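Worksheet: one structure, shown below.
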Amino acid sequence: MKQMTIIVKPFRAEAVLKALEEMDLTPSCVVREVRGYSRQKGYLDQYLGSEYSDVFLPKVEIVVSVEDHRVEQVAERVEQVARTGRMGDGKIFVMSLAWSEALEF
């Protein structure tokens, strides 16, 4: 088993979750709101008439457990759904799990 951590822009998260659902992976899925700091270097925003720089950009982190033989298939599908062609589209991290089965309660 592998653990895939998928980090995408918030407006692409629903499409990624729908793609994972189509692949029957949502029962083993965790979704979190996170903040990213990378090459995008933030953006200028206005609040109550004054400008400020927000260097931590909103992202959505999706963690899913996948069988070894499906990792490439899942990564390709997520990339198809999440890619906009602009900087900051996201990242996919794949890690090996130390145990072979999950315990449900």
*Any idea how far apart residue 26 and residue 84 come out in nm if each label point goes 7 Å out from Cα toward Cβ?*
2.3 nm
*Quote the FRET efficiency, to the nearest 0.05, computed for residue 18 versus residue 56 with a Förster distance R0 of 25 Å and r equal to the Cβ-Cβ distance.*
0.40
_³J(HN,Hα), Karplus 6.51/-1.76/1.60, whole Hz, each residue of region 25-34, x for Gly, Pro_ = 10, 5, x, 10, 10, 10, 10, 9, 8, 10
_Using 0.36 nm times the number of residues separating residue 33 and residue 98, minus their current alpha carbon distance, what extension gain do you get?_
20.8 nm
_Pair residue 73, residue 11: separation of 7 Å Cα→Cβ label points (nm)_ = 3.2 nm
*Mind ordering 83-90, 11-18, 70-77, 59-66 by average Cβ neighbours within 10 Å, highest first?*
59-66, 11-18, 70-77, 83-90
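We did not get these values from a lab; they are worked out from the coordinates using the rules stated. Keep in mind that this is a model prediction, so the values were computed, not measured. For neighbour counting, all protein chains shown are included, and Cβ atoms are generated from backbone atoms with ideal geometry for every residue, glycine included.
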